[in-house]
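The next block holds one structure in the form of structure tokens; read it before the comments.
The values are calculated or read from the model by the stated rules, or taken from the named source; none is laboratory data. Fair warning: this is a prediction, and the values are worked out from it, not measured in the lab. With ideal geometry, Cβ positions are generated from the backbone for all residues, glycine too; neighbour counts draw on all protein chains shown.
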Amino acid sequence: MKMENGVHDIPNDIYHKSEGISRSGLWEFKRSPAHYWNKYLNPERQKEEPSHDMKLGEYVHALVLEPENFNERYAVKPVLSELPRVGKLADLGREEYDRQKTARESMKIANELTMNEFLENSKDKEIIEPEIYRQAKAIADSVLKDEIAESLFKDVKVEQSIYFTHKPTGLQCKVRPDAWAGSIVTDLKTCADASYRAFQFAAFKGGYFLQAAMIKAALDSIDIQLEKFIFFCVEKTGAMPCVYYILDDDALDYGMTQFDTLMEQFAYCLENDEWSAYEPQTLYIPHYARFE
């Protein structure tokens, strides 16, 4: 599915099915060209099921950024009543045993009716287990109570897709900023640890600098100069504290260097249909393992 360059208001599934190199794809390529080929180009590739954390993040994003559309896309599975126990006939006597058995059968029928009604009303929706919904709702509520979050996520463009050409290679790329208002972009991150050092490492390990750089390039393509790129972080457990971090110019430059370098390598692999894995090399003892 080929999209024209520019801004498109399209569903998430259409974005993922469309052509164009995304940050996640380019980060997989950074692992090795072979990993990218296997995940995106292999004709016999298996569809990967999203992890619990990926789905949790998706639900939090929907509850924070598009709450008005949540019930159109998702349906939370009802919590059914626990079936009452039935004791032994010898211990209870016939009358009490029949009463407990009838109560259990009645509750079972009631649960079946509840579930059948739910499934009938949930056609074409993604069904969410109640436990992960409760967690997502608690995280989203923590974000929505934050004063800074209210200003960052109010009156913004949400989950809009931008397609653009990487000029040095001529290849199309795509990005999907979480929240975008003019020249300010905010990315919502659910974290195990939102402290500065932990998130700094997560940003390095997860390709967040590359993500920001690609969004900057996308905005440049539609004549918008990125002023601030903000990561708004919320922890997934405990008190679920929130904090925001503004990316500095050096981090953006670092991301742009990554972007251009990886795109040039990707273009070479694409042109020559060469998708190598790891390079063989001499193995040394790491510095941290050496005794003083």
query = Does E49 satisfy being surrounded by fewer than 11 Cβ atoms within 10 Å (Cβ to Cβ) and free of Cβ contacts under 8 Å to residues at least 24 places away in the same chain?
reply = yes
task = Look at Y245 and say whether it is closer than 30 Å to A138 by Cα and either surrounded by 16 or more Cβ atoms within 10 Å (Cβ to Cβ) or assigned by TED's automatic domain parsing to the domain that holds A192 (or both).
result = yes
query = Give me the pairs: first residue in the range 191-203 and at negative phi, second residue β-branched (V, I, T), beta-carbon distance under 6 Å, and six or more apart or on different chains, which are they?
reply = A194/V243
Helices (runs of 4 or more DSSP H) wholly inside the range 36-115 containing at least 2 residues that are touching a helix residue (DSSP H, G or I) at 6+ places or on another chain (Cβ under 6 Å) and of a type outside the set (V, I, T) = 52-65
Tally of residues being assigned to a strand (DSSP E or B) and either modelled with pLDDT under 95 or crowded, with 17+ Cβ neighbours inside 10 Å (or both) across the range 152-170 = 7
ask   = Across the range 253-271, what is the total count of residues that are within 17 Å of Q211 (Cα to Cα), exposed (fewer than 15 other Cβ atoms within 10 Å of the Cβ) and not acidic (D, E)?
value = 2
task = From (1) outside any loop (DSSP other than H, G, I, E, B); (2) among the hydrophobic types (A, V, I, L, M, F, W, C); (3) touching a residue at least 40 places away in the same chain (Cβ under 8 Å); (4) out of contact with any Cys (no Cβ under 7 Å at 6 or more places or on another chain), pick out the condition that doesn't hold for V234.
result = (4)
inquiry  = I'm checking my understanding of the structure. Among residues of the range 19-56 that are at pLDDT below 90 and basic (K, R), which one is farthest from R134 (Cα to Cα)?
reply    = R45
message = Just to be sure before I move on: is Q172 more than 27 Å from I139 (Cα to Cα) and either touching a residue at least 40 places away in the same chain (Cβ under 8 Å) or not polar (S, T, N, Q) (or both) in the structure I sent?
response = yes
request  = Sort through E235, E274 and tell me the only one that's within 23 Å of the chain's Cα centre (by Cα) and either at pLDDT below 95 or of a type in the set (D, E) (or both).
outcome  = E235
ask   = Any idea how many residues of the range 171-200 are part of a loop (DSSP other than H, G, I, E, B) and either of a type in the set (S, T, Y) or surrounded by fewer than 22 Cβ atoms within 10 Å (Cβ to Cβ) (or both)?
value = 6
